[in-house]
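The block underneath contains the structure these notes are about, expressed in structure tokens.
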Amino acid sequence: MAEYELDCLGEACPVPLVKTENKLKELEVGDTLIVIIDHSCALKNVPEWARKNNHEVEVEEIGDGEYEIFIDKTA
Amino acid sequence: MKLSSLSSNKHFQAWFKSPWTYVTGAILLSIFQIATIGSTGSSWGVTGPFATWGAWVYQAFGGSVDHWYFFSTEGGQASLERSFFTDPASVRNLGVIVGALLATLLASQFKFKKIKNLRQVGAAVIGGLLMGYGARVAFGCNIGALYSGISNLSVSGWVFALFMFAGAFVGSKLLVRYFMA
């Protein structure tokens, strides 16, 4: 049930998505990954990819154009 | 209306905040392409005007592009004789930037992004030069040559698409290799 953070501020597509995919591989089932982004495309493709892979996803806006994507690894 | 209630309003969310679907985007792009051809007589292009702007600047400093092959066509010559505000493609490019700014402000997502490292700057400069040069020798970018090519039922658009995918494949391999560390 550990929590990890992935700082993707200032990174454009497809870097946040590829980094998320790689990082999530290292996590155990039940762990949470928080991806911090400020790129609007990543706001679409990161949650989309995670949901397609049956992970629990929640998005929170933490500032103007800044988001935290919470991904609970379920599989 | 309080700001907090505006940001949770479902119409505000749907119109300004959430990204529109690819299908909505595709339909709008098609409608605007038709409007563009109808009103200006030529298809949508983005990078063509960059060369024209360069030529205008060069001419302003006393240079001459009269004998450049690139501007030897009728269209090329005509573009040199226009000014920024009489050139539909130039004004449209300005519109793209102003529109994007407006959209990001309406969604309150405007932000000056931090530059992560020098490598990012180097990649942006090299990438920009390669894309600009490539778009000119290919007589168009992914808009003028690909999107407008295909929507005008030209085979060249499909050929462009094929090689663009090959380029994107190689590019994404390089990106993963040099930017994922």
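Things to note:
- Taking every Cα-Cα distance in the protein assembly as shown and sorting them into 10 Å bins starting at zero, the pair-distance distribution P(r) comes out as 6, 22, 29, 26, 12, 4, 1 percent.
- Partner aspartates and glutamates whose Cα lies under 12 Å from the Cα of B:Lys113, excluding those fewer than 8 positions away in the same chain, are identified as A:Glu11, A:Asp38, A:Asp64, A:Glu66.
- Qualifying chymotrypsin sites (Phe, Trp or Tyr not before Pro) in region B:1-107, where qualification requires a DSSP coil assignment and no more than 16 other C-beta atoms within 10 Å, comprise B:Trp20, B:Phe61, B:Trp68.
- Cα centroid separation - region B:140-181 against region B:86-134, whole Å: 19
- For the segment B:109-116, counting C-beta atoms of other chains within 10 Å of every residue's C-beta and taking the mean gives 5.
- Sorting B:Asp66, B:Asp87 from the fewest to the most surrounding beta carbons within 10 angstrom yields B:Asp66, B:Asp87.
- Which listed pairs, of A:Lys44/B:Lys111; A:Lys25/B:Lys114; A:Lys19/B:Lys116, have C-alpha distances above 23 Å, in listed order: A:Lys25/B:Lys114
- Relative contact order for chain B: 23 percent, from Cα pairs under 8 Å spaced at least 6 residues apart, divided by residue count.
- Given charges at Cβ of Lys, Arg, Asp, Glu: region B:1-109 dipole, positive-most of B:Gly48, B:Val98, B:Tyr22: B:Tyr22
- Equivalent-ellipsoid semi-axes for chain B (Cα gyration tensor, √(5λ), whole Å, largest first): 32, 24, 20.
- Exposure proxy ranking, count of Cβ atoms within 10 Å, fewest first, for B:Ser83, B:Ser18: B:Ser83, B:Ser18
- Whole-Hz Karplus values for region B:52-60 come out as 5, 4, x, 5, 4, 5, 4, 5, 4 Hz, taken residue by residue from phi with 6.51 cos²θ - 1.76 cosθ + 1.60 and θ = phi - 60°; glycine and proline positions read x.
- A viscosity of 0.692 mPa s and a temperature of 37 °C, combined with the Kirkwood radius over Cα pairs in Stokes-Einstein, give a translational diffusion coefficient for region B:36-124 of 208 µm²/s.
We did not get these values from a lab; they are worked out from the coordinates using the rules stated. Only a predicted model underlies this, so the values are computations on that prediction, with no experimental measurement involved. Every residue, glycine as well, gets a Cβ built from its backbone with ideal geometry; the counts of neighbours run over all protein chains shown.
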